[in-house]
Amino acid sequence: MQDPSPILPRDKLLRDSFTPAEATLFGIVLIMSCMVAWLGDPRSFWLLGSLLIIGCLTPVILKTHEHTHPFFVDLLWPKFWICSAPAWALALQFVIGLTQNPMSTIHIGDLVYHTIDPIQLWRPISAADSSAWLTIFAYCATYLMLTSLYIVPKSRSFFERLFPWLCLGAVLVGVFGYIQKGLGLTKPLFTTGTGANDFFAFFPYDGHWAAFASLWCCACIAMTLLSTRYDDNPGFINSNGPWYLTGGTLLGATGFLVQAPLPAAILLLTLSAMLLIVAVEFIANSKDPHHKSIALCSGLTACLSFAGGIFRCFQDNTLNADATSLRIAAIDMFKDSPIFGWGIDSYEKLLPFYSSDMLLGQRSERAASDLLQFLAEFGLFGLVLTFSYLAAFIIRYLRGPRNVRLSNHLFIGCGSVGLLALCDTPFMSPAVFFSFLVIFFSALRWADISRSKVDEVDASRPKLVTPESQRRLPFFNQQYTEKEK
């Protein structure tokens, strides 16, 4: 990949060498990726507690970045406070909600009955205060840490070194899932599971795995296409491209093994879209001697994946009656507390009061839709806050040049998980939440670094030359033509 302007080897070394903050962030992200992928239980006390502790190191990384960065970082703390505002607001909403718990109990003899007291709609609520604090603070701490990916890296070299390790980790988990299915294991490791057989690798619910695989399938294939654009690329067959392409295909092909129909369909359709992009790229790139065979194989595999995705979309159990009842219950909860919702993890507590007779007393932690779950638990305040920030990031990205292809390819994975959140619960999994934020902020940062000079990305760009009308001393800045006398 050719730089917009040639730079000296010394400047390039300064740009691409890790600062202490970058090295620390690099190690922390790798540690967090191993934790969330290999300890897949969404509500593991040890996993959430570890994420909370690691997230508290964010100020340390930023302060180190401020003191060791070789370029201008005028916008460091303003950018951090702006980016982290949603996490602080949702945490504050939870803390204020501790003052209003609508759940109460009535003892009649040896029997205990739960009731819902009248609530004040204009004040936050927390119906699960004793058990929800770790979840909300762990997720907020994870978000704060991963905003550093949008602030700290100073060159594309950081992501070119980070993503190979993250992609390798995701592929290894996928390979373990294939082995697990082949051996016929009855439950995932390191977790008690859900009691059902719809699991994959270390994920108790294979719908969460489908979302995780969609993100890293796009990341692997995006790295495949990136490797073909380097100026010193030795040719696709002799580069790292085939390894990335194989890994991305392995991750996407797990959609044929996932039992949840809609997550499997979205995973297969995502794989199909990415392979189609590969085929088009190699059809247009006639320099590679094997471009026709690579485009043909990618196109055929894309067609097979597309057919599998369409087939999974129209399976008989795609629209589950129980899932529909859970979504209706979430809508009813939202209607009764539309402004601030009922607080995080309140859905399970309140479901017995809102569940349909079709559920026959069943309990469920999720509403079969992250969007409806978020509405029921955080209300319009949380929804508007979250989506306004998400829209602001995307609009800022779209206002710049749109030819940053790696970022575009990464956003395909984010879009597929966002679509899945409408009809499933991917963000319940810390692995999906972590992966989504890593890829989202990395795509934004890659675009910023690609469009600007490395010493201007985080600078406020002050005017270093005073206008002529404001100078006290004469200053000649015109071209001087020397004449021979």
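Think of the chain as a dipole: +1 on every Lys or Arg Cβ, -1 on every Asp or Glu Cβ, centred on the Cα centre; then among SER33, TRP243, HIS67, HIS67 lies furthest on the positive end.
Could you work out the relative contact order of the chain? I mean the mean sequence separation of Cα pairs under 8 Å and 6+ apart, divided by the number of residues, in percent.
20 percent
When you filter the chymotrypsin sites (Phe, Trp or Tyr not before Pro) in the stretch 86-128 for DSSP loop state and at most 10 other Cβ atoms inside 10 Å of their Cβ, you are left with TRP122. Within the assembled protein chains, the solvent-accessible surface assigned to LEU14 is about 80 Å², based on a 1.4 Å probe.
The trypsin sites (Lys or Arg not before Pro) found in the stretch 204-292 that occupy coil by DSSP, while having at most 16 further C-beta atoms within 10 Å, are ARG229, LYS287.
Ranked from largest to smallest solvent-accessible area, with a 1.4 Å probe on the protein heavy atoms, LEU375, LEU257, LEU275 come out as LEU257, LEU375, LEU275. Per residue, the average separation of C-alpha pairs within less than 8 Å and at least 6 apart gives the stretch 1-119 a relative contact order of 19 percent.
Excluding LEU268 itself, what net charge comes from residues whose Cβ is under 15 Å from its Cβ, given Lys and Arg +1 and Asp and Glu -1? Numbers along the way, then the final one.
Working: positive: ARG312; negative: ASP206, ASP424.
Within the 15 Å Cβ shell, the charges total -1.
Tally up the carbon and sulfur contribution to the accessible surface of the chain as a whole percent, 1.4 Å probe, everything protein left in place.
Working: 15720 of 24230 Å².
So the carbon and sulfur contribution to the accessible surface is 65 percent.
In summary, the helical segments of the chain meeting the span-like criteria, namely a full DSSP H run, a Cα extent along the axis of 24 angstrom or more and a mean Kyte-Doolittle hydropathy of at least 1.6, are 20-38, 261-284. Mind running the shape call on the stretch 123-282? Use the C-alpha gyration tensor, a ≥ b ≥ c as the square roots of the eigenvalues: rounded below 1.5 for a/c, prolate if a/b tops b/c, oblate otherwise. Judged from the Cα gyration tensor, the stretch 123-282 comes out oblate (a/c at least 1.5, b/c at or above a/b).
Rolled with a 1.4 Å probe across the full set of protein chains, the surface gives VAL95 an accessible area near 70 Å². Using heavy atoms of the protein chains and a probe of 1.4 Å, the accessible area assigned to HIS69 is about 20 Å². For a test of the definition: using alpha carbon positions, the gyration tensor, and the 1.5 limit on a/c, classify the chain as rounded, prolate or oblate. Note, shape of the chain comes out oblate. Computing Rg and the Kirkwood Rh from the Cα coordinates of the stretch 247-326 gives a ratio, Rg/Rh, of 1.15. Accessible surface ranking for ILE277, ILE395, 1.4 angstrom probe, highest first: ILE395, ILE277. Count Lys and Arg as plus one, Asp and Glu as minus one, and take only other residues whose Cβ is under 13 Å from that of PHE256; the net charge is then +1. Each of the GluC sites (Glu not before Pro) that DSSP puts in a loop and that has at most 16 other Cβ atoms within 10 Å breaks the chain; the longest unbroken stretch is 1-364.
Under 5 Å between amide hydrogens, built in the peptide plane, is the criterion, and for PHE200 it picks out TYR205, ASP206 among residues at least 5 positions away or on other chains. Solvent-accessible area per residue in the stretch 1-107 equals 54 Å², computed with a 1.4 angstrom probe and all protein chains kept.
Projecting the Cα atoms of ALA431, SER407, GLY182 onto the charge dipole of the chain (Cβ charges, centred on the Cα centre) puts SER407 farthest toward the positive pole.
Charges at C-beta only: +1 for Lys and Arg, -1 for Asp and Glu. How large is the resulting dipole of the chain about its Cα centre, in Debye rounded to 20?
Working: 34 positive and 35 negative charges, 309 e Å.
Here the size comes out at about 1480 debye.
The values are calculated or read from the model by the stated rules, or taken from the named source; none is laboratory data. Small disclaimer: the values here were computed from a predicted structure and weren't measured. Note: ideal-geometry Cβ built from the backbone for every residue, glycine included; neighbour counts use all protein chains shown. Calculation scope for accessible area: heavy atoms of the full protein, side chains included, ligands and nucleic acids excluded. Shrake-Rupley method; radii C 1.70, N 1.55, O 1.52, S 1.80 Å.
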